[in-house]
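Participant: Structure in structure tokens, see below.
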Amino acid sequence: MVTKKKPANTPVCSSCNEPAVVCQRQSHRNLCSTHFIREVEERFFLTVEKSRLIRSGDRIAVALSGGKDSTALLLLLSRHLQKWQDVSLIAITVDEGIKGYREETIRAAERVAEKIGVKHQIISFQDLFSDNLDALLKGRETQACTICGILRKKALIEGAKKVRATKIATGHNLDDEAQSVLMNVLRGDLPRLVRDSTVETSGCFIPRIKPLAELSEKEIASYLYVRGMFLTLPECPYTKFALRAEVRSMLSGLEHRNPGTMLRLMESQKKIEKYLGGTMFSRSLRRCRQCGDPCSGDLCQVCRLRQSLG
Ligand code: SF4
Ligand code: ZN
């Protein structure tokens with residue numbers, strides 16, 4: 001998306017005639033760095049405002065993995081919150097204990113938080129679950145992302161409780177959300193498909209917000225690139241086992257050939273949610289008999305998982 005060299009026929013910005021650095025295929029617009037930054041920030045602010053993701057007095061725990069999305073999230077939130085006197089940010093990094101991957105991303109997260117000037121805390125699987133992910137996954141590597149996802153969510157909630165956060169912000173982007181929609185369809189998981197994906201409170205009394213949900217992975221990477229904060233980091237070694245990896249490559253191929261595919265997929269999900277969501281799948285929240293966390297059954301997901309891991 002970001003153009004590299006400037007040949008003689010470099011396209012110019014559709015807004016100001018400066019050399020363009022980004023070509024937006026869907027809207028057929030070229031943008032210079034100033035107008036691209038402005039557009040990304042305005043769209044981010046609009047998402048936050050229209051869904052009222054942030055309220056006066058909020059203390060927001062930002063899930064900072066050190067990767068592109070969470071870095072952009074922290075940067076955009078810190079810029080947006082300059083005008084809010086009574087809203088604060090704190091970055092939380094979950095250390096799952098994934099050898100050869102997490103060490104470097106934790107260092108990246110520490111540097112990002114310091115550069116942006118936000119307090120940073122690390123919460124580890126080892127401390128919370130008495131083992132790291134590598135050890136917990138022995139012989140179950142193909143289920144890595146499912147197990148990791150459940151435990152990461154719990155770790156984030158615990159981290160957020162510790163710092164008395166009122167909300168948890170995660171860096172899910174448009175690509176992630178579109179992938180989740182398709183994965184839920186492929187799994188036949190209708191309740192998950194119709195759940196509100198912007199503000200999620202299930203399993204936790206601290207609401208989760210996804211302010212990047214309307215920006216694509218490419219736009220986020222380009223934003224960091226033009227802001228001089230783009231970093232190349234190692235990929236989690238368990239990614240190859242995930243259904244998400246296949247869905248991701250299929251969707252990005254479709255998006256490339258048919259720009260707007262992911263947005264249309266999200267629009268379809270919203271329509272299905274409108275017709276089928278709400279009371280149809282709402283179940284009253286109970287308390288897990290083991291740990292007391294809110295859940296819909298007798299045991300919460302984490303306690304069920306820990307039982308099965310032995
Ligand atoms: Fe966890 Fe899977 Fe993400 Fe790796 S790719 S951090 S295992 S969810
Ligand atoms: Zn429990």
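The values are calculated or read from the model by the stated rules, or taken from the named source; none is laboratory data. In this text, all values refer to a predicted model and were calculated from it rather than measured experimentally. Neighbour counts are summed over all protein chains in view; Cβ atoms, including those assigned to glycine, are modelled from backbone coordinates with ideal geometry. Surface accessibility is based on the protein's heavy atoms, side chains included, excluding ligands, DNA and RNA. Shrake-Rupley method; radii C 1.70, N 1.55, O 1.52, S 1.80 Å.
Participant: If I ask for residues that are assigned to a loop (DSSP other than H, G, I, E, B) and at pLDDT 90 or above, which ones from the range 248-280 would you list?
Facilitator: So in the range 248-280, the residues assigned to a loop (DSSP other than H, G, I, E, B) come out as 258-260, 277.
N258, P259, G260 - these are the residues of the range 248-280 that are assigned to a loop (DSSP other than H, G, I, E, B) and at pLDDT 90 or above.
Participant: Testing A155 on (1) farther than 21 Å from G310 by Cβ; (2) assigned to a helix (DSSP H, G or I); (3) open to solvent by less than 20 Å² (accessible area, probe 1.4 Å), one condition comes back false. Which one is that?
Facilitator: Failing condition for A155: (1).
Participant: Cβ-Cβ distance below 6 Å, separation of 6 or more or different chains: which pairs start in the range 293-310 with a residue that is over 21 Å from K161 (Cα atoms) and end on one that is near ligand 2 (Cβ under 9 Å from one of its atoms)?
Facilitator: Cβ pairs passing all conditions: D298/R289.
Participant: Mind checking whether some residue in the range 281-292 is out of contact with any His (no Cβ under 8 Å at 6 or more places or on another chain), part of a helix (DSSP H, G or I) and open to solvent by less than 80 Å² (accessible area, probe 1.4 Å)? Break it down into steps so the answer makes sense when it comes.
Facilitator: Looking only at the range 281-292, we keep the residues that are out of contact with any His (no Cβ under 8 Å at 6 or more places or on another chain), and these are 281-292.
Filter once more, so that each one left must be part of a helix (DSSP H, G or I): 281.
Of the ones still in play, those that are also open to solvent by less than 80 Å² (accessible area, probe 1.4 Å) are 281.
The answer is yes; a qualifying residue exists.
Participant: With the structure loaded, tell me whether L299 is outside any helix (DSSP H, G or I) and either modelled with pLDDT of 80 or more or away from ligand 1 (no atom under 16 Å from the Cβ) (or both) or whether it fails that test. I'd like the intermediate steps shown before the answer.
Facilitator: Details: outside any helix (DSSP H, G or I): yes; either modelled with pLDDT of 80 or more or away from ligand 1 (no atom under 16 Å from the Cβ) (or both): yes.
Judged against the criteria, L299 is a match.
Participant: Then there is this: Select from the range 1-46 the residues that are at pLDDT below 90, open to solvent by less than 50 Å² (accessible area, probe 1.4 Å) and closer than 16 Å to A72 by Cβ and list them in ascending order.
Facilitator: Across the range 1-46, the qualifying residue is only V2.
Participant: Go through the range 204-247 and give me each residue that's touching a residue at least 40 places away in the same chain (Cβ under 8 Å), part of a loop (DSSP other than H, G, I, E, B), open to solvent by 50 Å² or more (accessible area, probe 1.4 Å) and more than 17 Å from R152 (Cβ to Cβ).
Facilitator: Hits for the range 204-247 are F205, E214, R227, F230, L231.
Participant: If I filter the range 218-229 for residues that are within 21 Å of E42 (Cα to Cα) and acidic (D, E), do I get at least one hit? Don't jump to the end; show me each part of the working.
Facilitator: In the first step, residues of the range 218-229 are kept if they are within 21 Å of E42 (Cα to Cα); the result is 218-229.
This time we only want the ones that are acidic (D, E), so: 219.
Scanning the range 218-229, I find at least one residue that is within 21 Å of E42 (Cα to Cα) and acidic (D, E), so the answer is yes.
Participant: While we're on this one: Within the range 130-163, how many residues are in contact (Cβ under 8 Å) with a residue 24 or more places away in the chain and more than 14 Å from ligand 1 (Cβ to nearest atom)?
Facilitator: Result for the range 130-163: 8.
Participant: If you go through the range 59-66 one residue at a time, do you hit one that is of a type outside the set (S, T, Y) and open to solvent by 40 Å² or more (accessible area, probe 1.4 Å)? Before you say what the answer is, go through the steps one by one.
Facilitator: If we filter the range 59-66 for residues that are of a type outside the set (S, T, Y), which is where we start, we get 59-64, 66.
Those left that are additionally open to solvent by 40 Å² or more (accessible area, probe 1.4 Å): 59.
Yes, the range 59-66 contains at least one residue that is of a type outside the set (S, T, Y) and open to solvent by 40 Å² or more (accessible area, probe 1.4 Å).
Participant: Residues in the range 196-203: is at least one in contact (Cβ under 8 Å) with a residue 60 or more places away in the chain and assigned to a helix (DSSP H, G or I)?
Facilitator: No, the conditions are met nowhere in the range 196-203.
Participant: I'm trying to understand the selection: among the residues of the range 248-268, which are in contact (Cβ under 8 Å) with a residue 24 or more places away in the chain, small (G, A, S) and closer than 30 Å to E141 by Cβ?
Facilitator: Matches in the range 248-268: S252 only.
Participant: Looking only at the range 158-186, which residues are assigned to a helix (DSSP H, G or I) and open to solvent by 60 Å² or more (accessible area, probe 1.4 Å)? Spell out the reasoning first.
Facilitator: Taking the range 158-186 first, the residues assigned to a helix (DSSP H, G or I) are 158-162, 174-186.
Result: K161, K162, V185, L186.
Participant: Of everything in the range 102-130 that's of a type in the set (S, T, Y) and more than 18 Å from the chain's Cα centre (by Cα), which residue is surrounded by the most Cβ atoms within 10 Å (Cβ to Cβ)? Before you say what the answer is, go through the steps one by one.
Facilitator: Start the filter on the range 102-130 by keeping residues that are of a type in the set (S, T, Y), which leaves 105, 124, 130.
Pick out the ones that are also more than 18 Å from the chain's Cα centre (by Cα) and you get 124, 130.
Values: S124: 18, S130: 10.
Of everything passing the filter in the range 102-130, S124 is surrounded by the most Cβ atoms within 10 Å (Cβ to Cβ).
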